[in-house]
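The values are calculated or read from the model by the stated rules, or taken from the named source; none is laboratory data. Only a predicted model underlies this, so the values are computations on that prediction, with no experimental measurement involved. Glycine also receives a Cβ, built like all others from the backbone with ideal geometry; neighbour counts cover every protein chain displayed.
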Amino acid sequence: MKILYIVPFVPWEVKVRSFNLIPRLARRHEIYLVCVSNVEPNKDQKAWINRYCKKSAYVRHTRLKGMIHSIAALPTTIPMRIAYCRSNPAQDVVQKMAGEVQPDVVYVERWRALQFVPENLSAPLACDPTDSMTLYNRRLVEGGVWWEKLLGWEEHRKFLQYEGKLAQSADVTVFCSGLDMECVKQQAPGVRCELVPNGVDCEKYFFKRQGEEEPRTLVFAGSFKYRPNCLAARFFLEKVFPLVQRKAPGVKFVAVGNGAQEALAGYRGRVGFEAIDFVPELRPYLAKATVAVAPLTVGAGVSNKLAEGFAVGTPVVATPLACGDLPVKSGEHLLIGRTVVEFADHVLTLLKDPQLRSQMAVRARRFVEERYDWEIVSKKIEDILQEIATRTEASASFKQELATA
């Protein structure tokens, strides 16, 4: 197949969906990439794109333009998140690429990139918003700080009327969580939706070796350019970590990921805490940890860090929100903390019980190997794209036969 792949960012490691799907789809299909971003791909990113994509195009969209579009959208029914990405140059580039390539299928990541797709497109369209923005903003209203509550209320109100229409514009819409999928289906009951979770590269995130683990070390890994991760780290530092430190002196908490030092600058110098910015290899930090934490209180979808911790063999303590609708069981694959005290108690339990950590790690590793390896996940996406491309081709052939009969 010729796949026209459209993303409102530059694909790289923190964008786990495209970073893992594109190389795997490129094994049997031709990838034609259009990425729209305020930052041009760097040398390594360009090399990665050229390695897997038959052809690619980058469209610059500045933050200033995005902010102007967002402000202009305030009195309208269009969500600011959608308006932010409005770009005539991006639409022109996609139109030109589609005309040249004549793709068999178009794959769009995120709702905001749908507006780049020309209306006269003949190829079938799959949209992968990953999460429901209606659900995301509802949770932001419930758990954000005051300005996030205000912004969340405005965006939730708009997406409640808008998200279903976005889903109706695609032949199939793909979600990583059943909760997010059902939220959108309530708005547009007739749309076709598919559930394809995020995955983990079990070969890259191999099970930790003896001697890699450092005692009394906690880790929270993720992109701290993503607001829910910032709120999660702050929640842990302010509410949970003091309770853990009280009963486990010398415990260390490491927040590692893109933007961590800037996002958590207010905690610099905090005893037992360290923030580390983007690292080329995350696995060593997960392997060093005695316990991985996923203390999300706001957001949508499912935290990717659960699967990565599972794969490496570091036991996880998570909030129910971080688990989404993953079929995990507290006490079997991880421990789920529903309150501040329960979360802290679970961390302390794992710190003190190496046998429990070992047993849980083995079960969790088996869990992701069987269900959530990217090889399994990418095949599901490939099958969906192949099916809608074949169905559209067959439909067009049938119509041609009728016309010539």
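General observations
- Scanning segment 243-289 for residues that are more than 25 Å from the chain's Cα centre (by Cα) and in a loop (DSSP other than H, G, I, E, B) yields ALA248, PRO249, GLY250, VAL251, ARG268, GLY269, ARG270, VAL271, GLY272.
- Comparison of VAL59, VAL39 shows that the only residue that is part of a strand (DSSP E or B), more than 22 Å from SER122 (Cα to Cα) and either hydrophobic (A, V, I, L, M, F, W, C) or not assigned by TED's automatic domain parsing to the domain that holds ASN304 (or both) is VAL59.
- A single member of VAL101, VAL59, VAL108 is touching a Pro at 6+ places or on another chain (Cβ under 8 Å) and surrounded by 15 or more Cβ atoms within 10 Å (Cβ to Cβ), and it is VAL59.
- Test: residue in segment 160-172 that is under 19 Å from ASN258 (Cβ atoms), surrounded by fewer than 16 Cβ atoms within 10 Å (Cβ to Cβ) and either in the same structural domain as GLY250 (by TED's automatic domain parsing) or in contact (Cβ under 8 Å) with a residue 60 or more places away in the chain (or both): no
- Residue in segment 58-79 that is of a type in the set (A, V, I, L, M, F, W, C) and within 29 Å of ALA221 (Cβ to Cβ) present: no
- Residue within segment 138-153 that is more than 24 Å from SER18 (Cβ to Cβ), in a helix (DSSP H, G or I) and either among the β-branched types (Val, Ile, Thr) or outside the structural domain of ILE381 (by TED's automatic domain parsing) (or both) present: yes
- Some residue of segment 66-85 being in contact (Cβ under 8 Å) with a residue 24 or more places away in the chain and under 23 Å from ILE22 (Cβ atoms): yes
- Pairing each residue of segment 9-33 that is part of a helix (DSSP H, G or I) with any residue that is of a type in the set (Gly, Ala, Ser), provided the two are 6+ apart or on different chains, yields C-beta distances under 9 Å for VAL16/GLY199; ASN20/GLY199; ASN20/SER378; LEU21/SER378; PRO23/SER378; ARG24/SER378; LEU25/SER378.
- One residue from VAL328, VAL293, VAL298, VAL279 being of a type in the set (A, V, I, L, M, F, W, C), under 26 Å from ALA248 (Cα atoms) and outside the structural domain of VAL16 (by TED's automatic domain parsing): VAL293
- Just so you know, in segment 257-296 the residues that are among the β-branched types (Val, Ile, Thr) and crowded, with 19+ Cβ neighbours inside 10 Å include one that is nearest to SER132 (Cα to Cα), and it is VAL293.
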